[in-house]
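What follows draws every value from the coordinates through simple rules; no lab data is involved. Bear in mind that the values here come from a model prediction, so they are computed numbers and not experimental data. Because the Cβ atoms are built from the backbone with ideal geometry, glycine has one as well, and the counts that use them run over all protein chains shown.
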Amino acid sequence: GVTRLLLTRIPFFKEIIVSSFSCDSCSWSNTEIQSAGRIQEQGVRYALAVTSRQDMNREVVKTDCASARIPELDFEIPAFSQKGVLTTIEGIIDRAVAGLEQDQPARRATDREVARKIDEFIGKLRQLKEVNCPFTFILDDPSGNSFVENPHAPQRDEALVVTHYRRSPQQSAMLGLEGEEVDAKPPDAAEDLRDEVLQFNTNCPECNAPASTNMKLVQIPHFKEVIIMATNCDSCGHRTNEVKSGGAIEPQGTRITLRITDPSDMTRDILKSETCSVEIPELEFELGMGALGGKFTTLEGLLKDIRDLVEKNPFTLGDSSTPSRTGKLQEFIGKLQDVKGKTQAHFIMDDPAGNSYLQNVYAPEEDPELRVQRYQRTFEQNEELGLNDMRTEGYEPGPAAGR
């Protein structure tokens, strides 16, 4: 036989290759189409409401990997069950009828009931060609290379809905794209840092012996990214950890108020930045900005750090302290201990930079015991954060004067 190839372009679509085969001996002929372009970045889905005989004459490009459905009959032509074809909607129905009729004589001899049901279904398909009742024709192609004609082009066709979508991993594997990773994005450096613990050498702040510092980028749910740094000294056993905000200073300050009513509140996660101050009104206690540094711990852990800060300070409970001051501080430590589940109190975190966080155990719903307030920073607060003298625009050097 003879095969003829034709490269042609469909208006408002793309180029395709039409191949036609004919045999002079038996007069058999066949026509197929192949896309002349590459697989598209997205799949395409056409949904056409067929309401007239003119709709049956719309041109259709159906590739090998496209599936065709008519929901009203619960009928589907699966992907890769037919070769690619350039035809009309009526032609697709005719091909489906021809495929169902192919083995009917053998079925009538072996299973009459199945053959009768298929004959009934073939009759329903043929009735569709008369368009006595409107129906929907859906063409779904993960490769994005199928097409249904819009006779009103370039104007919009109200009866035709075209939807582009991202392929699923299963569809990409079906098209043989799994190994090529056509939709894969270049690796992000930040993504690599989230899965890796960075380590660098430093000196111990206590004994100045060589030590190592570990750094990890962590995403806090419903908040932002933070950098946790931990230093361990094998010589003197000194251990310390510090938290740095992974983002910029927020446009507004944050004031977080928690009403401690249950011992379970002690397990809430806390991110206290270096710019955050802590207040417990019931104890007349306030911890200023910069004290304890940045911390990522629990509420109980932060209260323990506050207690250690008071107890280990030589000017408060050391030899140089006075009996009256010692008594007051011991009383304060006792009250602080009672806050861990015995006494109801308010725990307030005020961070002008907006980089502190207190866990909402009801997230994403509102927490009845937790209140978060946003406020505009004062000039003095911006001065402490160094924002008044910071230039974010117009700092680039001007162009050189022409000679």
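Measuring against 22 Å, Cα to Cα, the residue pairs 216/312; 244/328; 216/304; 304/328 contain 216/312; 244/328; 216/304 as the ones spanning a longer distance. When you filter the GluC sites (Glu not before Pro) in segment 226-305 for DSSP loop state and at most 10 other Cβ atoms inside 10 Å of their Cβ, you are left with 284.
Cross-link partners among aspartates and glutamates for residue 124, C-alpha distance below 15 Å, same-chain residues fewer than 8 apart left out? Straight-line reach from residue 124, under 15 Å: 72, 74, 76, 90, 94, 101.
A simple rule links phi to the HN-Hα coupling: the Karplus curve 6.51 cos²θ - 1.76 cosθ + 1.60 with θ = phi - 60°, which for segment 67-79 gives 10, 10, 9, 10, x, 4, 9, 6, 10, 8, 9, x, 5 Hz, with x for Gly and Pro.
Between 71, 152, 123, the Cα set farthest toward the positive side of the dipole of segment 42-175 (charges on each charged residue's Cβ, about the Cα centre) is that of 71. Using Kirkwood radius over Cα pairs in Å as the read-out, say which of (i) 29.2; (ii) 36.5; (iii) 24.4 was calculated from these coordinates. Here the calculated entry is (i). Couplings 3J(HN,Hα) of segment 355-367, computed from phi: 10, 9, 8, 10, 4, 9, 6, 9, 3, x, 6, 6, 9 Hz, in residue order, whole Hz [Karplus 6.51 cos²θ - 1.76 cosθ + 1.60, θ = phi - 60°; x for Gly and Pro].
Annotation for segment 80-138: GluC sites (Glu not before Pro) lying in DSSP loop with at most 12 further Cβ atoms inside 10 Å of their Cβ are 130.
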